Amino acid sequence: MTPVNIIIAGAPASGKGTQCEIIKEEFGVVHLSTGDMLRAAVSAGSDVGVKAKEFMDSGKLVPDEVIIGIIIDRLAETDCKEQGWLLDGFPRTAAQAKALADAGVSADCFIFLDVPDEILVERVVGRRTDPETGKIYHMTFSPPSEEDTEVIARLEHRSDDTEEKVVVRLEQFHSNVAAVKGSYEEIMVAIDGNRSPSVVSEEVMDSIKAALAKRTQTAA
Ligand code: AP5
């Protein structure tokens, strides 16, 4: 069967990364998080990392020309072609959506997680990540087990996860979201992300399966 290609979008801390962990496991797709890729580039001190750092530190989007080429090239690699892909955090601007279309890259499903701004601030401030496994926690909503003392000791708090920076991140999101959604109207599924991760996940899974069924029907 042709592998599935998925885009997941939503505001900062709307739960994209949390849902991606589950989607990846279910469908075996290659998960490409532009946030994770850029943070890795910053840590490595690569050219891209140097260009991206000041934007990320202030909560702004990095320039389109820094990120577009990386993603287009990555999607052309064999694992993405063979396993399918899950784009998390891209496209985030009209120019990024256009670049995908111009490169002939299309998705089966565009999932949009809808969460009110006031909920997002609390999610950002309480988020912690395990740098070894990549697992995402929330110190109130989904904390690690108290017995996992090793995990608790190594948890990291992202430097852009502050109330001050999330205001900038939300501004950037709101000024671009309409254009991005407009590029995917035909395949968009908006999901209420202000429910428990497992309830959100059920709807996400159903939406992907429905998109696959539709694709099979169209091809028949
Ligand atoms: P990026 O890393 O993509 O950050 P983001 O979009 O701001 O998204 P987050 O990673 O903050 O949140 P998420 O939606 O994955 O939520 P999560 O599942 O962790 O980007 C960072 C920066 O990189 C950008 O600011 C920009 O500078 C740059 N960048 C990246 N892509 C770019 C691009 N394409 N163009 C230009 N610049 C780009 O959940 C958040 C918290 O909530 C967690 O603690 C989690 O446990 C909890 N949670 C999740 N779901 C639920 C739920 N249903 N109920 C309760 N709590 C929940």
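Listed values, structure above:
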item: Cross-link pairs K60/K165; K16/K53; K53/K165 - those with Cα-Cα distance over 19 Å; result: K16/K53
item: Long-range tail of P(r) for the chain (Cα pairs > 28 Å, %); result: 27
item: DSSP beta bridge pairing in the chain, given as percent antiparallel to the nearest 5; result: 20
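Where a number appears in this text, it was derived from the coordinates with a stated rule and is not lab data. Here the structure is a predicted model, which means the values were calculated and not measured.
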